[in-house]
Every structure is written in structure tokens, then in C-alpha cells.
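Everything on this sheet refers to the single structure shown next.
The values are calculated or read from the model by the stated rules, or taken from the named source; none is laboratory data. The structure displayed is predicted, hence computed values, not measured ones. Here the Cβ is made from the backbone with ideal geometry for all residues, glycine too, and neighbour counts use every protein chain on show. Only protein heavy atoms, including side chains, enter the accessible area calculation; ligands, DNA and RNA are left aside. Shrake-Rupley method; radii C 1.70, N 1.55, O 1.52, S 1.80 Å.
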Amino acid sequence: MDRVGSTGEGRTRAMYSFVCKRSCPLSTLGRATLATSAGTQALVVTEHSETVRSERHGEIGVIVVDNPPVNAIAPSVRDGIYSAVQELSADEAVGAVVLHCAGSTFMAGADIRGLGARPTGRTTTEISAALEAMRKPVVAALQGNALGGGLEIALGCHFRCAHSGTRLGLPEVNLGLIPGGGGTQRLPRLVGVEAALQMIGSGKPVTAAEALRLGLVDRVVEPVDILAAAVAYARELRDAAVPLRRLSEVAPPSVPDLDALLSSIESGLRRTRKGEQAPLKAIEAVRAAVTTPFHEGLATEARLFAELENSSQSRALRHLFLAERQVAKLRGIPVDTPVRAVRRVGVVGGGTMGRGIALAFCNAGLPVALVENEPAALERAMAAIADVHAGALGKGRITAGQHAERIARIRGATDMSAFAEVDLVIEAVFEDMALKRRVFADLERICPSHAILATNTSALDIDAIAGATGRPQDVIGLHFFSPAHIMRLVEVVQGRQTATDVIATAMKLVKSIDKIGVLAGNCDGFIGNRMLAGYRREAEFLLLEGASPQQVDHALVGFGMAMGPHAMGDMAGLDIGAAGRRRRRAEGTLPDDPRFGVIADKLVELGRLGQKTSAGFYRYQPGSRDPLPDSEVADLIEQEALRLGVTRRQVSDEEIVERCVYPLINEAARILEEGIAQRPGDIDVVWVNGYGFPRVRGGPMQFADETGLARVLERLQQFGRQHGPLYWTPAPLIERLVAENATFATLN
Ligand SMILES: NC(=O)c1ccc[n+]([C@@H]2O[C@H](COP(=O)([O-])OP(=O)(O)OC[C@H]3O[C@@H](n4cnc5c(N)ncnc54)[C@H](O)[C@@H]3O)[C@@H](O)[C@H]2O)c1
């Protein structure tokens, strides 16, 4: 321990707190001079708040932010930095200053739960200004993540020194916000308008190397102690009397045709971030940086930030940000539940889903055994997989070496003995219960006794599938979405007897392949497809009542859905829904209603299965996926309406949205009541990530809360009066929440 308290720069946090506990309890703010046992120079430590202290490393003052685990910018961090700046400014013995964060990361943003509330203490803008105003060089020592407010504070420093592994970014746009601590004003002055808007508009971080190229950092250091490197850099700057670079005093970049540049950036952002307000406000703020003095630009930024902070879009995106993290928390399953090791994966069936699932595991580095039932089918599957790998190589997403590894990682076979050593197998054969039960009986026989047996069924009863084995505790649903190597959602479906460690393992595994797992209970369609049924039902009823497929799709795309329901049906294949209805009809669980699925069933009868037959609700030119209106479909709809006695009328876009979206909310409420979903946020995560529900609306539950549950209830009741109670009886949960003046959010 003899280095502790010396001016050496390699001390760890653990060592520091050990000394501190003896000499200057953290709870007592103040100043302590620590003499060292080795007789080296004394280290003066001043506690400015419970998360910030200042130290003297010789003539270099170091401000240390120490707010584990990620140095979130809490009020005590801002106030502490401000106080340290005052102290170090006044100390003439201090020749330069370093802003450093303990642990492994620089500040990576504020706690988003504090947004929307009145800020306490100093603001990030004030901190950046205070650092910038210092009359001695200030160096930010960057490592780990320097994101959001963290990067804005670093921009207030005169110089930035980054560890080579640092990621730097302004991700506020992902929360429906713009940087609000001066970032929109300082960044363009440093890196130019285009690079600044690339970072602010995309929210994507850049590497240290890229930051150096852009001029965002001044020095990148290879894996050495970042504090030591920054202190050495600060010393150099002081010794060379390098002029201080205060970005607020730097002239804004001169852009020859600003309007043209901003409008081309805007059209790009309108495409990549459809329907989002924040990227457009970012452009407005950056325009102010270039066209108005710094302090006016800051005021513009503050005004735009406040507008966004109180917008429904930002509330929705913040909700999703938290919900996507909360899904991993499993009620009733302790976080330390032991999990099974999954090192090898098997996939049965190499059709649309099996291929994608095999790719998802392979791309994440797991070896996969893929089994088809005959050589020609296997060949087709392996060729399709090879095409995807070749595409990734061609686009430069992977190297030739990675390509070779990926090709080698999926082994094809036509015999299930290939599963003799797998730890988990996923079945993706046709959606047919008898077939799936046969496959599971085989899997039980062939797979090792510790292996997890999963099914990718879209809607079938997991317990009935598990019942085909003698080990139902090892059986679980892993419902991937198409294309499975791209779509991030996986519903993890728990059967009646699924073991706790199997659930915990499945959730962890899904996360490890960079997907979002949402735990669902076992019922027809689980969470997502069960809700989809009502949405699709109304989308078709509206056709009988007078809307065209394109009007329905257009209205819902206008609402923000990634695709309209009819175009989506055509893409997925209308035969899939038709098969589901046949099954439910046989089981007696289909509503007693001749209108139910009638148009889609007729289209399937005509061989119009969707895109794969170049005709469904729309027609398609050979090789094209653009849906074109088809008079044959219009005639069919009219004939069916006549046959079923449905009076046709003008349908408004507003009615289309309400008729399709409110059943989602009503069904979701029943799903919650039955415990099929753990919480409303989980349902939102499913619909945003699996069904193209607009992120900026936060998912059906968040949308219901924003609309007001009383309004939702009133419309459900009105539709019930018009169309009968069969589909429109409000879920008791909605009635209860309205009576209590509560929201879905209170159940998260
Ligand atoms: N297509 C989707 O969008 C989607 C989405 C989620 C879940 N699912 C579900 O995934 C499963 C597979 O769907 P799909 O769209 O990939 O079907 P698909 O028809 O494209 O592929 C099924 C494959 O299974 C193979 N197969 C059949 N019996 C087999 C056996 N005994 N052994 C090995 N291989 C066998 C077939 O040869 C075929 O290649 C179904 O349960 C479906 O409900 C589909």
C-alpha cells in the first residue's frame, strides 16, 4: 500500500477509499492533507460533494468524479465539479487541471428518470461554462463512454485526451431530445456542421480514432493509465503555454451554402428517423450555432430542449429506453438463478425461420447444427445461408476471415443424430402440432439430458408440445420474428412446467446474441400474435365496410406503423393466417362470425398467398415488392360485403386507426390481467420491436396512457354500441384503471 497517497497516478479506487476511510470520511466534506509513508509529496484531497473530489498531482489539479457504477451526472456531480473549479481556479499553485472519472468510464449521461422534473443545483451548461472559463489549461481525460452530458462537459474543457477504447457520442436523439448542455453549439465549432449533425442526428457514438480524425479529441493514448496520460498532457500544455481553446469563443464554421447543406441533411434524417421531431430540432439548434452569437445559440438550444423534454415523443422514447432494460427482470425468478451453459445449438427445419435462427446464433459466435428432413431442402437452406454471409462480406460488414469462420460454424445434416452434443435445440418445422410432437419425441431421445428443447411456434400450445416428451421442465418457446437474424425481438414462452433455470438460461442466451427477450405466458399467440389477431380482424372488417386495402394501410402508416396490415399480411404469407384460422375452427375457438378472416381466406382460395405468389391483398410486378392496388380484390371485397349484408360507407382515416389500435390495447389489458405479460412495458417492447409499432408512440400501452384511458374506454364502449359486444367489451383492467384515475404505467 505504500503508493497510496503519493502523487503517483496509478492508484485504484479501492486503494483510495481505504485511505480515505481512515483519514477523511466520505460523509464529511472538506480538505485533508495525506502525508505518505514513503515521504513523497503530500496529496491534498478536497471533497466537494459525495461524488466529486479534487486532488493535487504536483502542480496539476485533478477533479475526480467518482459516482459508481457509470459516473452518471447526478446533481452532486455537477455541484461538485462546479465547486472544484472554483477551488482550483483560486489556487495559484495549480498550473493546469485534469477532469477525470474514477472507475472504467467517463460520464455517460444523466439519469433519465430526472428528465421532465425541475433540475436541482447547477446545470450541465453551467458546468461546461465554468470549466471553459478557467484561466489555466483544462484537459478532459476520456475513457470508456463519454456520452451525452458527459461529452458536453468534455467539450467545455479546453483539450481532450482519450483512451483508444473510448466511445464518444451524443445519443440524446434516441430519447427524443437534443443535447441540452451546449453540445449543439460547441460541437459544430469543433468538427464542422456536417460531422456535428451526423453525430447529433444519428445518436451513434464514434471511436476514439474517428474522434481524433474529426478533431473532437486532441490526443489518443494506447492502453496506459488515462489519468497519468492526461496529467502529463496538461503539464506539456502548461509548459508550452499553449493558448486555451474556449469553443464558445471560436468562430462558427463558415458554410458556403448553409441552407442547401441543412436541407440535404434534413431530408436524410426524415428518411432514417421517420416521424421523429428531435433530429429536426437538432438541425435548428445547429443552424443557430452557425448564424447567431454563442449565447443566443445556447438560448435556442435550451428552448428547443425544453420543448422536446415535454413532448409525448420524448416521453415515449424514454419509456421504451427503460422498458427495454426492465424486460430482463423476471418477477419471481431471482437474478442469481443458476443458468445452464449453452455452447452448441441445434435447429430443426431450415425454412424461413430455421435459416434465420441458425444465422442469428452463428453470427453471435455459436456453432450450429441445422437439420432438414431431406437433402434437397437442406441444400436450399445452406445456399440461402451462404447468400447472407456473402452479402455481409460484399458489403464490407465482415472480413474474409470472419466470413470463413461463419461458413464453418453452421453444419447441415439430414439426421437428428447431429444433435447428440447440443446444449439447446430450436424446432422450426411447419406449424403443425402432430409434426411438432413427433419432432419433440425424437429430440428427447437424441439430445443430451441437460439440453433445453425449444420451439419457435407462433401460437401453438407449448404444454401440448412439452407433453410429447418425458421432460416438460426442459421445454420452452423461443418465438423469433422474421427475418430472425435481423429482428431483435424474441418472445420467451414459459410452459406450465418449464423449469426456472431454463427460463433464466433462455433469457440470458437471447441477450447474449444481442436480441431482446420478453417473457410471455403460454396462450394462443402469446403476447404479440394474440394482440395481432384483433388488429388484423378490424383491418379486414373495414374493407367490408367500405375502405380499400390501400386506404387502411395508408392510414396506419400515417399513424406511424412500419407497414400497413394488408401489406404486412402479403409479406408474411396469407396462408399462415388461414392455417391458424383452420386450426382454431377445428378447435372451436374461432369467433362465430362469418366475416372473420373471410377476405384473406378467399384470397388464399384463389391462390393469392401474398408476395410469394405476386398477388394477395395487392398485386406485385415480378421481382418487385411494391404493393399495387388490384381491381380483382376490390370486386371480391364488394361481393363479400353484399353476400354478408354489410352496408358499405365512407370510412375515415381516424376511424381506421381507432378501430385497429384500440383492440390492441383492450387485448393487451386482458393479457396483463391473465399474467401472460409481466408488465405493460413488456407489451410495448414486443409491439415496437416485433410488429413495427412506432417507437415515437412508445408502444400500445404508452399510447393508451398518452391518449388517456378514459378516452380509450369511451371509444371501446362506443364501438361496442355500434358493432356489438363480441369484440368490444372493455377489459375489466381498463375499467378499473379509469375508475382509479390510474394509468398502465403505474403497473410497470
Ligand atoms: N414465417 C414466419 O414469419 C414465422 C415467424 C415466427 C414463427 N414462425 C414459426 O416458425 C416455424 C417455421 O416456420 P417457417 O416460416 O420457417 O416455415 P417454412 O415452411 O419456411 O419451413 C419449415 C421447414 O421445416 C422443414 N421440416 C418439416 N418437417 C421437418 C422435419 N421433420 N425435420 C426437419 N425439417 C423439417 C421443412 O422442410 C421446411 O424447410 C412455424 O412453427 C411457424 O409458425 C414463423
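Once neighbouring chains are kept in place and the probe is 1.4 Å, which whole percent of the accessible area of the stretch 216-367 is contributed by carbon and sulfur?
The value for the stretch 216-367 is 55 percent carbon and sulfur by accessible area.
Can you pull the one-decimal nm distance between simple spin-label points at Thr414 and Glu706, each 7 Å off the Cα toward Cβ?
Modelled inter-label distance: 5.3 nm.
Restricting to DSSP H runs of at least four residues, report the calculated mean residue ellipticity at 222 nm for the chain, -39500 (n - 2.57) per run over all residues, nearest 500 deg cm²/dmol.
My calculation for the chain gives -15000 deg cm²/dmol from helical runs alone.
So for the stretch 431-571: antiparallel DSSP bridges make up what percent, rounded to the nearest 5? Could the numbers behind the result be given before it?
Values: 4 of 13 bridges.
The antiparallel proportion sits near 30 percent.
Enumerate by residue number the chymotrypsin sites (Phe, Trp or Tyr not before Pro) in the stretch 598-631 meeting two conditions: DSSP loop (anything except H, G, I, E, B), and at most 16 other Cβ atoms within 10 Å of the site's Cβ. Could you put the intermediate results ahead of the total?
Details: sites: Phe617, Tyr618, Tyr620; in loops: Phe617, Tyr618, Tyr620.
Here no loop site has a sparse enough neighbourhood.
Using the alpha-carbon atoms, what tilt in degrees (0 to 90, nearest 10) does helix 528-545 show relative to the longest principal axis of the chain?
Roughly 60 degrees, rounded to the nearest 10.
Using modelled backbone amide H atoms (1.01 Å from N, in-plane), which distant-in-sequence or interchain residues come within less than 5 Å of Asp630's amide H?
Placed amide hydrogens put Arg619 under 5 Å from Asp630.
Tell me the label-point distance for the pair Val44, Leu726, using the 7 Å Cα-to-Cβ offset, in nm and rounded to one decimal.
Here the modelled spin labels are 8.3 nm apart.
If you take every DSSP beta bridge fully contained in the chain, what fraction is antiparallel? Give it as a percent rounded to 5. Numbers along the way, then the final one.
Values: 24 of 68 bridges.
So the antiparallel bridges in the chain amount to around 35 percent.
Treating the Cα atoms of the chain as identical point scatterers in vacuum, please give the log10 of the normalised Debye intensity I(q)/I(0) at q = 0.05, 0.06, 0.11 Å⁻¹, two decimals.
Cα-only, vacuum Debye calculation for the chain: -0.32, -0.46, -1.25.
Quick check: at a probe of 1.4 Å, how many percent of the accessible area of the stretch 634-695 sits on carbon and sulfur atoms?
Carbon and sulfur: 45 percent of the exposed surface of the stretch 634-695.
What are the residues whose amide H is under 5 Å from the amide H of Leu424, where those residues sit 5 or more places off or on another chain and H is modelled from the backbone?
Residues meeting the amide H criterion: Arg344, Gly346, Ile452.
Based on the Cβ-Cβ distance from Arg271 to Gln326, what FRET efficiency comes out when R0 is 35 Å, to the nearest 0.05?
0.70
Need one number: nm distance between label points at Ala579 and Val335, each 7 Å from Cα along Cα→Cβ, rounded to one decimal.
In this crude spin-label approximation the distance works out to 4.2 nm.
Which residues does a label at Asn373 reach in the stretch 429-446, if reach means a backbone N under 15 Å from a point 7 Å past the Cα toward the Cβ?
Flagged as within label range: 429-443.
With a 1.4 Å probe and all protein chains left in place, how much accessible area per residue does the stretch 337-412 have, in Å²?
Result: 48 Å² per residue.
Relative contact order for the chain using alpha-carbon pairs under 8 Å, separation at least 6, rounded to a whole percent?
8
On a 0 to 90° scale, report how tilted helix 653-673 is relative to the longest principal axis of the chain, with both axes built from alpha carbons and the result rounded to the nearest 10.
Tilt of helix 653-673: around 80 degrees.
Output ³J(HN,Hα) for the stretch 281-295: one whole-Hz value per residue in order, computed from phi by the Karplus curve 6.51 cos²θ - 1.76 cosθ + 1.60 with θ = phi - 60°, and x for Gly and Pro.
With the stated coefficients, the stretch 281-295 comes to 5, 4, 5, 4, 5, 5, 4, 5, 4, 8, 10, 10, x, 3, 5 Hz.
Could you derive backbone 3J(HN,Hα) for the stretch 437-453 from the dihedral phi with the Karplus parameters 6.51, -1.76 and 1.60 (θ = phi - 60°), listing whole Hz in sequence and x where the residue is Gly or Pro?
Each residue of the stretch 437-453 in turn: 5, 4, 4, 5, 4, 5, 4, 4, 5, 8, 6, x, 5, 8, 6, 8, 10 Hz.
For a quick protection proxy, order the peptides 150-156, 715-721, 126-132 by their average other-Cβ count within 10 Å, most packed first.
Ranking, from highest mean packing down: 150-156, 126-132, 715-721.
What are the equivalent ellipsoid semi-axes of the stretch 153-309, built from the alpha-carbon gyration tensor (square roots of five times its eigenvalues), in whole angstrom, biggest first? Before the final figure, lay out each step's value.
Values: eigenvalues 163, 62, 37 Å².
The three semi-axes for the stretch 153-309 are 29, 18, 14 Å.
Sorted by packing (mean other beta-carbon atoms within 10 Å per residue), highest first, where do 471-482, 580-591 land?
471-482, 580-591
Hand me the GluC sites (Glu not before Pro) from the stretch 671-748 located in a DSSP loop with no more than 13 other Cβ atoms within 10 Å, in residue order please.
Sites meeting the loop and neighbour criteria: Glu674, Glu740.
The stretch 222-276: which trypsin sites (Lys or Arg not before Pro) are DSSP loop and have at most 14 other beta-carbon atoms within 10 angstrom? Please list the in-between numbers first.
Values: sites: Arg235, Arg238, Arg245, Arg246, Arg270, Arg271, Arg273, Lys274; in loops: Arg245, Arg246, Arg273, Lys274.
Qualifying residues, ordered by number: Lys274.
What is the ratio of the Cα radius of gyration of the stretch 478-545 to 2.2 N^0.38 Å, where N is its residue count, to two decimals?
The stretch 478-545 yields a ratio of 1.36.
Send over a whole-number figure in Å² for the accessible area per residue of the stretch 625-681, probe 1.4 Å.
49
Using only Cα atoms, what is the ratio of the radius of gyration of the stretch 50-123 to 2.2 N^0.38 Å?
Dividing the Cα radius of gyration by 2.2 N^0.38 Å gives 1.16.
Relative contact order for the stretch 68-159: what is it in percent, counting Cα pairs under 8 Å that are at least 6 residues apart?
In percent, rounded to a whole number, it is 38.
List the residues whose amide H sits under 5 Å from the amide H of Leu370, counting only those 5 or more places along or on another chain, with H placed 1.01 Å from N in the peptide plane.
The list, which skips near neighbours in sequence, is Val347, Arg411, Gly412, Ala413.
In Å², and per residue, what accessible area does the stretch 92-203 have when probed at 1.4 Å with the other protein chains present?
Value for the stretch 92-203: 28 Å² per residue.
Suppose the chain between Gln497 and Ala306 were pulled fully straight at 0.36 nm per residue; how much longer would it get relative to their current alpha carbon spacing?
Net length gain for the segment: 63.8 nm.
Explain nothing, just compute: Karplus ³J(HN,Hα) = 6.51 cos²θ - 1.76 cosθ + 1.60, θ = phi - 60°, for every residue of the stretch 81-94 in order, whole Hz, x for Gly and Pro.
4, 4, 5, 5, 4, 4, 5, 6, 5, 6, 8, 5, 6, 8
Can you give the Kirkwood hydrodynamic radius for the stretch 59-213, in Å, rounded to one decimal and based on Cα pairs?
Values: mean 1/r = 0.0649 Å⁻¹.
Result for the stretch 59-213 stands at 15.4 Å.
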